[in-house]
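Just below is one structure, and these are the notes that go with it.
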Amino acid sequence: MSGKRILLIVGGGIAAYKACELIRLIRKAGMAVRCVLTDGGSQFITPMTLAALSEQPVHTSLWDLKNEAEMGHIRLSREADLVVVCPATADLMAKMANGISDSLATTLLLATDKPVMAVPAMNVRMWQHAATQRNVQRLRDDGVIVLDPDQGAMACGEYGPGRLPEPEAIMRAILAQFDGGHAAAAPRADLPLAGRHVLVTAGPTHEPIDPVRYIANRSSGKQGYAIAGALAMLGARVTLVSGPVTLSTPVGVTRVDVESAREMAAAVDAALPADAAVMVAAVADWRTDSAAATKIKKTGDGVPPTLSLAENPDILATLCRSDKRPGLVIGFAAETNDVIAHAEAKRLRKGPDWIIANDVSGDVMGGDRNSVHIVTAAGVESWDDQPKDVVAMKIAERIAAALAS
């Protein structure tokens, strides 16, 4: 990516601080980045910070005589290979969608003839508002690449979609634009997993009790999705079999949506052959013998209905015994006590090459950090607590090394 130039427009929102890490990642990838800071953005970070990280002057005003003389806004809008708006607030996207040019940032966006990527960040109600959704659709119809926001807790105290994606995820999307818009479509031969197919499962399964209730294991899908994205970044063709989650599909990943354990088992089999399989999904162990066709009602006598349970297929064990078994099979174990002992027993019982275990008795599920233990025939390796994206990339690199050897 050496020589590519990014114009980064930093909008006004608490998520603006993540732009600092994004600049670092852009520079690390060998690209140059020049920043435009909006008035709102300057309430959260300073031009000095962005200038120090980018090693370029930071532009803040359309009416700056010195900057306009040295680097006119038209030239600034045309010299970049990609314009990234991060964070893209509801106000900024509304102006983009309607062609309003009342600031340096919006004037640049109207004047540019280069691809534009918007990374939304806002309150969940603002994101879900009909006006915002209309603006997002208009921008996409106009050719703007609008990433989906993450879901989670927000600075305002509410929960839901609207969080800025992590900088690593934004960086993957930027890299994909220079790989032809889809990282999996044209994998680079120099990447460590180029030419490899990796199967990943993620998220929970839902086993219906009746049309409105189900049995499930808790899982946000974040770690599995992060692993799928990291594998794609390293050049793999990734098939992600996903239970019901509210996450965006990682760039360059083919996603297959399922609901129940039996549907997931069928999708896993259909995705084979693969060079490696990473079974992260929290598959429900049991299902009802027969789901009710209508909602089960209370009887009024205080006696709950009796549910007859059947055991679900063991997807990991079945894969390990299959004549289509990938060369490397990795299982996951979410435990609340005796984590390593349970993981070692699971590896011997089911037959994967590795078990990646973690303690979920705290706030790991749905959180953004993880601490894992890799259990193999050679022993146990424990990693310190770190962001799930970092865990994912380390696992992907370990997979690449294992397949290479």
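The values are calculated or read from the model by the stated rules, or taken from the named source; none is laboratory data. Bear in mind the structure is a predicted one, so any value in this text is a computation, not a measurement. We place every Cβ from the backbone using ideal geometry, glycine too, and count neighbours over all the protein chains shown.
A few notes on this one:
- Odd one out for Asp389 among (1) in contact with a strand residue (DSSP E or B) (Cβ under 8 Å, 6 or more places away or on another chain); (2) surrounded by 20 or more Cβ atoms within 10 Å (Cβ to Cβ); (3) not aromatic (Phe, Trp, Tyr): (1)
- If you go through the range 99-113 and keep only what is surrounded by 15 or more Cβ atoms within 10 Å (Cβ to Cβ) and either in contact (Cβ under 8 Å) with a residue 12 or more places away in the chain or in a helix (DSSP H, G or I) (or both), you end up with Ser103, Leu104, Ala105, Thr106, Thr107, Leu108, Leu109, Ala111, Thr112.
- Whichever residue in the range 97-143 is aliphatic (A, V, I, L, M) and within 17 Å of Leu76 (Cα to Cα) and, among such residues, is nearest to the chain's Cα centre (by Cα): Met117
- Conditions (1) over 15 Å from the mean Cα position of the chain (by Cα); (2) over 26 Å from Glu335 (Cβ atoms): number failed by Val278: (2)
- Selection count where residues are modelled with pLDDT of 90 or more, in contact with a strand residue (DSSP E or B) (Cβ under 7 Å, 6 or more places away or on another chain) and part of a loop (DSSP other than H, G, I, E, B), scope the range 13-44: 2
- Of everything listed in (1) in a loop (DSSP other than H, G, I, E, B); (2) of a type in the set (Asp, Glu); (3) modelled with pLDDT under 90, the single unmet condition for Glu68 is (1).
- Checking Gly162 against (1) in a helix (DSSP H, G or I); (2) modelled with pLDDT of 85 or more; (3) within 16 Å of the chain's Cα centre (by Cα), the condition it does not meet: (1)
- Residues of the range 207-248 that turn out to be among the polar types (S, T, N, Q) and in a loop (DSSP other than H, G, I, E, B), as a count: 5
- 3 or more residues more than 25 Å from the chain's Cα centre (by Cα): qualifying strands (runs of 3 or more DSSP E) within the range 307-398: 309-311, 379-382
- Looking across Arg347, Arg287, one residue alone is surrounded by 13 or more Cβ atoms within 10 Å (Cβ to Cβ), over 30 Å from Leu403 (Cβ atoms), charged (D, E, K, R) and touching a residue at least 24 places away in the same chain (Cβ under 8 Å). It is Arg287.
- Matching option when the condition is within 20 Å of Asn358 (Cβ to Cβ), in contact with a strand residue (DSSP E or B) (Cβ under 8 Å, 6 or more places away or on another chain), of a type outside the set (A, V, I, L, M, F, W, C) and surrounded by fewer than 24 Cβ atoms within 10 Å (Cβ to Cβ), among Arg237, Arg218: Arg218
- In the set (1) touching a Pro at 6+ places or on another chain (Cβ under 8 Å); (2) not in a helix (DSSP H, G or I), Trp127 fails one condition alone, (2).
- Residues that are more than 12 Å from Pro161 (Cβ to Cβ) and of a type in the set (Asp, Glu) within the range 128-150 comprise Asp141, Asp142, listed in sequence order.
- Residue in the range 132-150 that is among the polar types (S, T, N, Q) and surrounded by fewer than 16 Cβ atoms within 10 Å (Cβ to Cβ) present: yes
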